[in-house]
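Remarks on the structure that follows.
The values are calculated or read from the model by the stated rules, or taken from the named source; none is laboratory data. As the structure is a prediction and not an experimental result, all values here were calculated from the model. All Cβ positions, even for glycine, are placed from backbone atoms using ideal geometry, and neighbour counts span all protein chains on display. The area values use the complete protein model at the heavy-atom level, side chains included, leaving out ligands, DNA and RNA. Shrake-Rupley method; radii C 1.70, N 1.55, O 1.52, S 1.80 Å.
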Amino acid sequence: GRNTLQHHDGAGTSVGMPLGEHEELHLAITGDQLFLEYQPQVDVATGRITGIEALVRWNHPAKGRVPPINFIPLAEETGLIVPLGLWVLNEACRRARAWQDTGVAPLTIAVNVSAKQFADPDFASHVAEALERHGLQSHWLELEVTESVVMQDAERALAMMASLRALGVRLSIDDFGSGYSSLAALKTFPFDRLKMDRSLVEALPGDKTAVAIVSAVISLAQTLKLSVLAEGVETDAQMDFLRHARCEEAQGYRFSRPVSPEEILRLLQTQLR
Ligand code: C2E
Ligand code: MG
Ligand code: MG
Ligand code: MG
């Protein structure tokens with residue numbers, strides 16, 4: 001109706017949303033309602049944590065915990081993703097630096113970046129400022145973008161990637177193999193790492209087609225000199241397959257759900273022993 005925005009939630013149902021949602025999200029960004037959870041990325045061969053992905057959540061005053069699928073699209077539509085993304089970037093860099101300061105092994109912090117952020121001409125300088133502010137060396141920061149982010153405006157994306165690479169940050173292609181993605185992005189854009197989508201990993205090792213696709217993607221990544229990570233790894237059988245297929249890294253509930261920074265520190269300290 002007149003007073004609602006139609007919006008689709010993860011289950012595919014349509015829910016009426018008061019127009020105040022935009023203001024609510026704005027308040028969330030400025031008013032301390034967002035927080036990050038962190039999910040380890042592990043070396044498949046050794047099981048050691050090599051990186052951590054930062055994932056944003058909204059602690060809504062009335063609704064409680066809201067997952068990103070329910071507010072990132074709105075943030076994109078309204079442009080609020082730019083200040084939201086800036087907050088995420090700074091918070092993640094701050095936390096990565098704090099972990100490093102505890103003396104646990106240094107590790108990569110991975111931050112998701114959406115289309116409007118990547119199209120913002122100031123994005124690279126925001127990244128440089130965040131690294132500088134928190135004293136984090138650039139090679140410890142990895143930015144994750146999906147294929148659609150770079151394919152929207154290839155020329156602009158290439159220029160942005162060049163600026164980011166000049167800073168020394170790493171770039172990964174997220175959700176590879178999901179949706180209608182083609183191989184074009186790999187040919188055109190200088191990524192450092194490929195993250196295989198959970199939908200491919202899910203069917204391992206039983207599904208012959210998934211086995212063929214995942215094996216092909218791993219060897220493609222090797223040929224293109226990209227490191228390769230499997231997303232959404234939940235079972236030992238998937239892990240065994242990935243080890244034999246020489247997939248380098250994995251992330252998923254098999255190792256840890258996204259957790260608090262304190263829990264990450266505990267995991268890091270445990271693996272030191
Ligand atoms: P993503 O970047 O592909 O992140 C992985 C998602 O898969 C996360 O969902 C994570 O909790 C979930 N996941 C990890 N391991 C498993 C597993 O073993 N099984 C299953 N079923 N799921 C697993 P989450 O946290 O709900 O995030 C969803 C998406 O929201 C992310 O997908 C990313 O596209 C977006 N997102 C999250 N944080 C941010 C952010 O700070 N900025 C932007 N622009 N997008 C974000
Ligand atoms: Mg991601
Ligand atoms: Mg992903
Ligand atoms: Mg995903």
Per-residue ellipticity at 222 nm attributable to helices in the chain (runs of n ≥ 4 DSSP H, -39500 (n - 2.57) apiece, nearest 500 deg cm²/dmol) works out to -13000 deg cm²/dmol
Dipole-positive endmost among VAL127, ALA105, LEU89 within the range 76-148 (Cβ charges, Cα centre): ALA105
Most fluctuating residue given options PRO40, PRO83, PRO258, as computed from a GNM of the chain linking Cα atoms under 10 Å: PRO83
Treating cross-link reach as a plain straight distance, find the aspartates and glutamates whose alpha-carbon is under 18 Å from the alpha-carbon of LYS187, omitting any fewer than eight places away in the same chain. GLU144, GLU147, ASP153, GLU155, ASP174, ASP175
Tell me which aspartates and glutamates have Cα within less than 16 Å of LYS208's Cα, excluding those fewer than 8 residues away on the same chain? ASP240
Quick one: dipole size for the range 192-242, taken about the Cα centre, charges +1 on Lys/Arg Cβ and -1 on Asp/Glu Cβ, in debye to the nearest 20. 280
Magnitude of the Cβ-charge dipole of the chain, K/R +1 and D/E -1, about the Cα centre, nearest 20 debye? 560
Accessible surface of the chain, 1.4 Å probe, proportion on carbon and sulfur as whole %: 54
Out of THR46, THR78, THR108, any idea which swings most in a Gaussian network model of the chain, alpha carbons joined below 10 Å? THR46
If R₀ is 35 angstrom, what is the calculated FRET efficiency for the pair SER163 and ALA62, using the beta carbon separation as r and rounding to 0.05? 0.30
Dipole check, the chain, charges on Cβ (K,R +1; D,E -1), about Cα centroid: among GLY31, SER148, TYR253 the Cα furthest to the positive pole belongs to TYR253
With charges set only on the Cβ (+1 for Lys and Arg, -1 for Asp and Glu), what does the dipole of the range 71-227 come to about its Cα centre, in debye to the nearest 20? 460
